[in-house]
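Here is the structure we will look at.
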Amino acid sequence: DWVDEPVSTGPFTLKEYRIGQRIRLARNDNFWDRPAYLDEVVFNLAGGVAMAMYENDEIDVTGVGLADLERVQDPTEELNKDLVEVPPNFAVSYVGFNINEAPFDDANFRRALNHAVDKQLIADQVFSNLVKPAYGIIPPGFPGFSADIQGLEFDPDLAQDLLAQSAYADAGSRPRIVLTVPGTGGSPGLTTEVVADMWRQNLGIEIEIQQVEWATYIQDLHRGRLQAWSGLSWQADYPDPQTFIDVLFRSTSAINYGGYNNQEVDDFVVAAQTEQDATKRVQYYNDAEQIVVSDAAWLPLWWGVDSKALIKPWVQDYTFSSLTVSKFKDVWLDK
């Protein structure tokens with residue numbers, strides 16, 4: 001199985017993968033270039049404990065969440081000396097819909113949910129302007145981004161009209177709605193709660209928020225078992241719009257978890273695969289993106305902006321990347 005035993009040509013190989021716990025990489029002694037300095041790299045996948053692990057010197061690098069941001073930015077705080085700026089990541093956070101399950105099989109119902117969410121308020125009050133409201137899929141500054149994409153902006157009146165036009169206007173006959181998030185107790189996350197509250201206040205739609213353990217969450221997501229889901233973002237793997245529009249929304253893509261299927265979108269992304277004119281190729285992706293957004297295949301929430309991280313002083317030559325994970329080939333430890 002290539003997932004568990006991948007073949008690597010990079011500076012590291014997969015040594016261990018424990019779902020929901022950790023990923024361990026070992027230096028690839030057969031790497032074609034200069035070997036990496038580090039013997040291994042370990043990624044902690046257990047959410048919610050990273051800051052405590054950092055303070056106990058159990059991990060060397062961690063992002064800084066909103067709950068800890070004010071504290072670590074205080075110059076008198078011991079952790080402040082480890083604080084660094086992180087460039088914006090090319091990622092979009094979203095609420096996903098399984099369009100093969102009611103009520104998300106109705107485009108007007110999905111559009112109503114989109115128009116009922118005030119993303120600017122979420123950016124301002126939940127994230128203290130550390131994110132930018134997303135009205136499309138491709139992030140600003142990324143190849144293929146278009147400011148001309150017409151997003152489904154906050155409009156409670158329009159949201160109510162669209163709900164009335166949908167097949168699920170009657171709350172009494174509307175199917176039960178379950179929004180699944182990863183987690184093992186406690187709050188499902190302020191963003192999820194705020195979105196659910198906006199749906200309740202602006203549309204009268206009640207949802208059930210279900211938390212499941214990370215491994216189960218990922219497994220159910222891959223198998224199309226989730227009706228709706230949150231707590232995820234998609235970050236670009238490479239600097240091309242294909243990594244967003246084709247990978248996420250082509251009907252035959254293995255990562256199209258919501259089962260979105262639109263022949264026009266498929267035609268555009270297939271045409272883009274072989275188009276040699278760069279301008280035409282980007283336009284194909286923009287045309288496909290506009291359809292995806294207008295269809296409300298997702299509820300895009302926000303794009304990332306500058307953030308903060310903590311790095312131990314003995315970690316040298318560690319650089320953050322706006323594309324997926326940082327590169328570890330040149331990292332070394334001065335300890």
For the range 3-113, calculate the relative contact order in percent as a whole number, restricting contacts to Cα pairs under 8 Å that are 6 or more residues apart.
-> 12
Helix 156-165 versus the longest principal axis of the chain: what is the Cα-based angle in degrees, 0 to 90, to the nearest 10?
-> 60
Calculate the translational D of the range 91-304 in whole µm² s⁻¹ from Stokes-Einstein, where the hydrodynamic radius comes from the Kirkwood formula applied to all Cα pairs, the temperature is 10 °C and the viscosity 1.306 mPa s.
-> 91
Where nothing but the Cβ of Lys and Arg (+1) and of Asp and Glu (-1) is charged, how large is the charge dipole of the range 91-304 around its Cα centre, in debye to the nearest 20?
-> 400
What residue among 315, 282, 247 shows peak mean-square fluctuation when the chain is described by a Gaussian network model with Cα springs under 10 Å?
-> 315
Taking Cα atoms, the helix 190-203 axis meets the longest principal axis of the chain at an angle in degrees (rounded to 10) of 10
How many nm is it between the label spots at residue 315 and residue 184, if each spot is 7 Å from the Cα in line with the beta carbon?
-> 2.3
Kirkwood-based Rg to Rh ratio, the range 194-273, C-alpha trace = 1.05
Most exposed first by the Cβ proxy, i.e. fewest other Cβ within 10 Å, how do 93, 253 rank?
-> 253, 93
Percent RCO, i.e. relative contact order, over the chain, from Cα pairs under 8 Å lying at least 6 residues apart | 27
Can you put 9, 216, 243 in order of Cβ neighbours within 10 angstrom, beginning with the fewest?
-> 9, 216, 243
What are the residues whose amide H is under 5 Å from the amide H of residue 308, where those residues sit 5 or more places off or on another chain and H is modelled from the backbone?
-> 64, 86
Order of 225, 71 under a 10 Å beta carbon neighbour criterion, fewest first | 71, 225
Roughly how tilted is helix 263-274, in degrees to the nearest 10 and between 0 and 90, from the longest Cα axis of the chain?
-> 40
Where both partners of a DSSP beta bridge lie in the range 91-304, what percent of those bridges are antiparallel, to the nearest 5?
-> 65
Kindly rank 297-307, 59-69, 126-136 from highest to lowest mean number of other beta carbons found within 10 Å of each residue.
-> 297-307, 126-136, 59-69
With no solvent and one point per C-alpha, what does the Debye sum give as log10 I(q)/I(0) for the range 55-137 at q = 0.12, 0.16, 0.18, 0.21 Å⁻¹?
-> -0.57, -0.81, -0.91, -1.08
Cross-link pairs 81/335; 119/280; 15/329 - those with Cα-Cα distance over 22 Å | 119/280
Determine the dipole magnitude for the range 1-109: charges of +1 sit on the beta-carbon of Lys and Arg, -1 on that of Asp and Glu, nothing else is charged, the reference point is the Cα centre, and the result goes in debye to the nearest 20.
-> 280
Which value in nm describes the separation of the simple spin-label points at residue 121 and residue 274, placed 7 Å from the Cα toward the beta carbon?
-> 4.9
Per 5 Å bin, what is the whole-percent P(r) computed from every C-alpha pair distance within the range 294-335?
-> 5, 15, 20, 18, 12, 9, 8, 6, 5, 3, 1
Checking 314, 214, 234 against a Gaussian network model of the chain (alpha-carbon springs below 10 Å), the top fluctuating residue turns out to be 314
Residue-averaged [θ]222 nm for the chain, counting only DSSP H segments that reach four residues, each worth -39500 (n - 2.57) | -8000 deg cm²/dmol
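Here, each number is a calculation from the coordinates, and none is a lab measurement. Being a predicted model, the structure only gives us computed values, none of them experimental. All Cβ positions, glycine included, derive from the backbone under ideal geometry; neighbour counts span all protein chains shown.
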